[in-house]
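The values are calculated or read from the model by the stated rules, or taken from the named source; none is laboratory data. Source: prediction; values computed, not measured. Cβ placement follows ideal geometry from the backbone for every residue including glycine, while neighbour counts extend to all protein chains displayed. Please note that ligands, DNA and RNA were not included when accessible areas were found on the heavy atoms of the full protein model with its side chains. Shrake-Rupley method; radii C 1.70, N 1.55, O 1.52, S 1.80 Å.
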Amino acid sequence: LFYFRICEEGRKNIPEHPHLFETDVEILLITGNCKSPIERFWNGNDTVYILQKARQHEESDPMGESRTDDAVYDSSELLPKESCGPMALSVGRAKQLISLYAMVQNPNMTHLKISDPVALSPLWIRCDASDPECTCWLGAEPLKAGNKITGINFFVVTCDGPTADETHFANLEELKAAHKMRHHSSLVTTKGFAQYELSSAAVIEDTLLETKSNISVDITWNAVDKILETPPLIAAATLNIMLESGDPRSPVYQLYRELQFLLALAEGLKTGVTEWPEPFKSESAVELVQEFLTDLKRKLDGYCIYEKEKESEKIQCDTAAVDSSIKSIFIERGDLDFAEQLWCKMKSVTSYQELVDCFTLIIKSLEHGEIQPWIHQGSHSLLSKLIQQSYHGKMEAVPLTGITPIQMLLEIGLDKMKKDYVSFFIVKSRSCLLFQDYFISTSVDLQEQVDRVQKLHHMLEIMVNCTVLLHFKHENLFPLTQICMNYYKENSLNEKHVFQLPIRLALVKKLYQNDHPEIWKVDISSGHGQKEVKTTWQVSTSPLVEHMASNNTGLFSDSTVNGSTEERTYFITVTQCSQVHFT
């Protein structure tokens, strides 16, 4: 039976992983932790079933003949095809499945002999738009009063486009009139939504800063007057930030390179094989360390009267992409101790032997009393321990073999980079109180400390991008830092995660005021509670229905030919709902 098949799939299915449901249909479960393919036109239950055409039956009858309940089902996993996206069923086949879904939950269908049917999770079915209305999704959701199923909400999603002709756009008054007639309503309310891309609009010194950032703003407001109206400044706004580290033109790119070197050391410590990155300088690390030690010896001997130029290295930025004011966003600390300055020299190490040679020079200088370097209090690295012992003229022997040199360099790198990040967050976003022990703790193993430093770097990239692109000040950086920290205290590193921050719309208005929205929609609603029904009309610059997008790739954005911009093309998506009550 259809009912028991759905229940069974709910118990055994792996989220987002399709299985055969019937010979021509596959099913997948979408939970609250998964990205939903219907999130743009439905925001209901967290758990949803998706039905779609089975890939291994592409050449079957497009009308999809109905299957009997006693058919033999193959529940084996389907092997995904990376070259093929999700496939849609014919509209006729989808209607059959939706009808079965509604029927098995109707308590009046006593002949089915289902005692006390349990409300199923909502069901959505991909459709191939083969009907005149171009239906691309059909959906159904049970209506409940307590544990009793009282009816079904049905949804129909249709799509049109791409089109550059705005005469295709609906008239708001006509949409409201059609909704009133369909649902026999006398009163309707409207709610607007618009999404603008901000990262593409941000320009620095007339140069577009192309990054892997995806920064947009979602805007919602009540009482819409016309299609494509500009959101009022009193509208609610939420910033969406998804950012990947590593843009060469970022003001913190050199720190990113340091992080990559740190990760290479951590991987070498874990696997025994170290992939040495490209050196930071043309001089060898041994030469840099020798020069540094010689200078310290001369200072100790009194030959250096005037303090030399600060040894700490400055963050270098691509001056073609960012100006001098942006360089000041992240400045190397001026309080680097001996170990941290060594890290700045030794991050140019390109081989294990070179690493051993550097530490051999350092340990000999300490043993012979040729240098008396200072280090920060609280440092737990092996090198710091040796330096403290050197103050008393007695150092334990450390064999520079095996993983020991790699661990020693990793430890001083972790100490240095933690202080770099803490310095930024305290100075720039004034988040001292937010910096709890989690991110800088030394009570966990080195690999976990490295993971947490990666999280700090991702947060830093987010703050710097918001400072550069959106001109954020403390009042915005502080809550954003808090949101990021709270997320990363509970989750592993995820540069695909979208961080959301409520903001005042006026803060970003100048970044989108001359641009078109990526998505604009209006919700027309009537009724209350479970009797609420809604019609949604929305226009977007890319298709909101993924299984209808493959044939339209490249057609939905502005393009330029010989310096002239072609017309912007749009996709129109309409969602309508209706209700059937069982009692």
Practice task
Output yes when any residue across the range 201-208 is modelled with pLDDT of 90 or more and not in a loop (DSSP other than H, G, I, E, B), and no when none is.
Solution key: no
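Looking at HIS376, HIS392 in this structure, which one is more than 48 Å from the chain's Cα centre (by Cα) and part of a loop (DSSP other than H, G, I, E, B)?
Details: HIS376 fails: more than 48 Å from the chain's Cα centre (by Cα).
Result: HIS392 is the single residue among HIS376, HIS392 that is more than 48 Å from the chain's Cα centre (by Cα) and part of a loop (DSSP other than H, G, I, E, B).
Which residues, taken from the range 535-580, are at pLDDT 50 or above and assigned to a loop (DSSP other than H, G, I, E, B)? Spell out the reasoning first.
Narrowing the range 535-580 to residues at pLDDT 50 or above: 535-550, 566-580.
Selection gives THR541, SER542, PRO543, LEU544, VAL545, ALA549, GLU566, GLU567, ARG568, THR569.
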Practice task
Look through GLU141, GLU174 and report the one residue that is open to solvent by 20 Å² or more (accessible area, probe 1.4 Å), assigned by the TED database to the domain that holds CYS577 and either modelled with pLDDT of 95 or more or under 34 Å from the mean Cα position of the chain (by Cα) (or both).
Solution key: GLU141
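I want to confirm something. Restricting to the range 432-452 and keeping residues that are part of a helix (DSSP H, G or I) and acidic (Asp, Glu), which single residue is modelled with the lowest pLDDT? Let's see the steps before the verdict.
Quick first cut of the range 432-452, residues part of a helix (DSSP H, G or I) only: 432-434, 437-440, 446-452.
Restricting the remaining residues to those that are acidic (Asp, Glu) gives 437, 448, 451.
Values: ASP437: 77, GLU448: 95, ASP451: 96.
The extreme case among them is ASP437.
Hey, does the range 453-474 have a residue that's part of a strand (DSSP E or B), under 20 Å from THR238 (Cβ atoms) and open to solvent by 10 Å² or more (accessible area, probe 1.4 Å)?
So in the range 453-474, the residues part of a strand (DSSP E or B) come out as none.
Looking through the range 453-474, none of the residues is part of a strand (DSSP E or B), under 20 Å from THR238 (Cβ atoms) and open to solvent by 10 Å² or more (accessible area, probe 1.4 Å).
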Handout entry: ILE326 vs. criteria under 34 Å from the mean Cα position of the chain (by Cα), modelled with pLDDT under 85, in a helix (DSSP H, G or I) and not assigned by the TED database to the domain that holds GLY413
Key = yes
Fill in the blank from the handout: Those residues of the range 114-138 which are among the β-branched types (Val, Ile, Thr) and surrounded by 15 or more Cβ atoms within 10 Å (Cβ to Cβ) amount to ILE114, ILE125, THR135
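Within the range 98-117, is there a residue that is polar (S, T, N, Q), outside any helix (DSSP H, G or I), closer than 26 Å to TRP537 by Cβ and modelled with pLDDT of 80 or more? Walk me through how you get there before you give the answer.
Step one: list which residues in the range 98-117 are polar (S, T, N, Q), which gives 99, 105-106, 108, 110, 115.
With the extra rule that they be outside any helix (DSSP H, G or I), the set shrinks to 105-106, 108, 115.
Remaining after also requiring closer than 26 Å to TRP537 by Cβ: none.
The answer is no, given that none of the residues of the range 98-117 is polar (S, T, N, Q), outside any helix (DSSP H, G or I), closer than 26 Å to TRP537 by Cβ and modelled with pLDDT of 80 or more.
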